[in-house]
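Structure, as structure tokens:
Bear in mind that the values in this text are calculations on the coordinates, not laboratory data. Everything quoted here is computed from the prediction, not taken from an experiment. Here the Cβ is made from the backbone with ideal geometry for all residues, glycine too, and neighbour counts use every protein chain on show.
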Amino acid sequence: MSALSGSFPSRTVAELQQRQLDGQLAVCTAEAFRNQVAQHGLAEAYRRTHVVVASGAEFTSQASLLLQLGPTDPPMRIRRFRLGPAEGQGGHGNTDLLLPLGQGGALALEALLRGETLPFSASGSGGDQQPRLELETQLSLEQIGAGRLLLHRGVVENGVVAVSSREGLTPTPWGPVLGPLVSALYSCGGAGSIGLTMPGLRQLGPGSPLLVAGGIGWVSGAGSGHNPQVKRAAEGQALSPGACAAVEVDLHSLDPRWLRATRLGGEDTGLLVALAAPVPLLEEEQARWAAMDDSQLEAPVLDYGIPRRVRPSFGRVAYSELRSGSLRVGERQLSCAPAHSPRLAAEIGTALVAQLQEGRFPLRAPLAPLPKRAALQPLD
């Protein structure tokens, strides 16, 4: 804590909740907070701000759609099904269906949210109580009784820069890059993203609310690849994808303007989802994290031309360089592009600011912190 720590009186979530009830909660986006810091200094920006909103709109193929359908007549236990362009599995209940979004499921979800009706076919296992073996029908969003979008890597501390040392196009989880070392894609928005505004995702845990594509979602626990023990900068930010939170949200609350499906090559599809999270400023350290800009934050440059568990690294690069549209790796100058949407991230961040100020979004501490144990355990 600095010598000016008296300028940063500590707060509690309960105090901020009361301010929200009284209509006196001061909320701004992470970008607006950085502007306040530049204009008035950190201590004054902290005094003026109770909550900073961090946001992102990144691509993922690690997501699923859990659908709950009504019973058929005669009853049926669905084992496999096809919904529009996507295939999924049952077996989680008579008509509880799991649809992975990485192989066509993102396209099906986007179509449903646009109001389209999709062909639905299913096969069952048969039995005395569920004798039906086949079903052919049509499904729209209104015909689905309930559903949840499950983001297995909903919020990640940091991203990566994908490049390739191989000739031609190389597929990556965010789209193809051209090699050797011609183009690059970077997966995280940098300053203002949830993971870099909140190192270690310390203010997220089971029960934490987030605004997910227009609906109020929540953290369900550690996400796929959760690894809080990664190497960190002196200020605490992860220097590679570190802690990760799994997020889920009610299907019928999603707004299609904050969600995009994309083809990643072949049958692989990805889903871009806009998310925003409140970051209560309870002490000086949290204000300092929120004030960091793109020149102070870095992402690792990884070679996706070599398919290994630990990919070769070309070092790290500042997000300010990535935002310039070009990247230097050794003697090579690469063009680089965001594998995310800064526009959608900004839009949903502004929307959450308004909801917090109007008392339409809950401000609460997590029920428990994310685990310190890494979920990223290699298989040999």
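Computed about the Cα centre, the dipole magnitude for the stretch 70-144 is approximately 180 debye when only Lys and Arg (+1) and Asp and Glu (-1) carry charge, each at its Cβ. Charged neighbours of L282, selected by a Cβ distance under 11 Å, balance to -2 (K, R count +1; D, E count -1).
Other residues lying with their Cβ under 12 Å from the Cβ of P100 contribute a combined charge of -3, Lys and Arg counting +1, Asp and Glu -1.
Once the dipole of the stretch 308-380 is set up with Lys and Arg at +1 and Asp and Glu at -1 on Cβ about the Cα centre, which of I348, P371, V317 lies farthest towards its positive end? The residue sitting most towards the positive pole is P371. Straightening the chain between E116 and Q89 buys 7.5 nm, computed as 0.36 nm per residue apart minus the Cα-Cα spacing. Entry note, the stretch 70-144: relative contact order of 33 percent, from Cα contacts under 8 Å with a spacing of 6+ residues. For helix 342-357, report the angle its Cα long axis makes with the longest principal axis of the Cα atoms of the chain; keep it between 0 and 90° and round to the nearest 10°. On a 0 to 90 degree scale, this one is about 80.
Placing +1 on the Cβ of every Lys and Arg and -1 on the Cβ of every Asp and Glu, with no other charges, gives the chain a dipole of roughly 620 debye about its Cα centre. Let a ≥ b ≥ c be the square roots of the eigenvalues of the Cα gyration tensor of the stretch 23-157; is it rounded (a/c under 1.5), or, if not, prolate (a/b larger than b/c) or oblate? Verdict is prolate for the stretch 23-157. Quick check: the angle from helix 30-40's long axis to the longest principal axis of the chain, C-alpha only, nearest 10 degrees? Once rounded, one gets 10 degrees. Expressed in units of 2.2 N^0.38 Å, where N is the residue count, the Cα radius of gyration of the stretch 260-377 is 1.37. Let me make sure I get this right: for the stretch 70-144, a, b and c are the square roots of the gyration tensor eigenvalues over alpha carbons, sorted descending. Under 1.5 in a/c it's rounded, otherwise prolate if a/b > b/c, else oblate. Which is it? Here the stretch 70-144 falls in the prolate category.
Classify the stretch 207-334 from the C-alpha gyration tensor, please: rounded if a/c falls under 1.5, else prolate or oblate depending on whether a/b exceeds b/c. Because a/c hits 1.5 or more and a/b fails to exceed b/c, the stretch 207-334 counts as oblate. What residues of the stretch 41-74 lie in the reach of a label at S125, counting those whose backbone N is under 20 Å from a point 7 Å from the Cα along Cα→Cβ? Within reach of a label on S125: 66-74.
Residue-normalised convex hull volume from the C-alpha trace of the stretch 103-220: 201 Å³ per residue.
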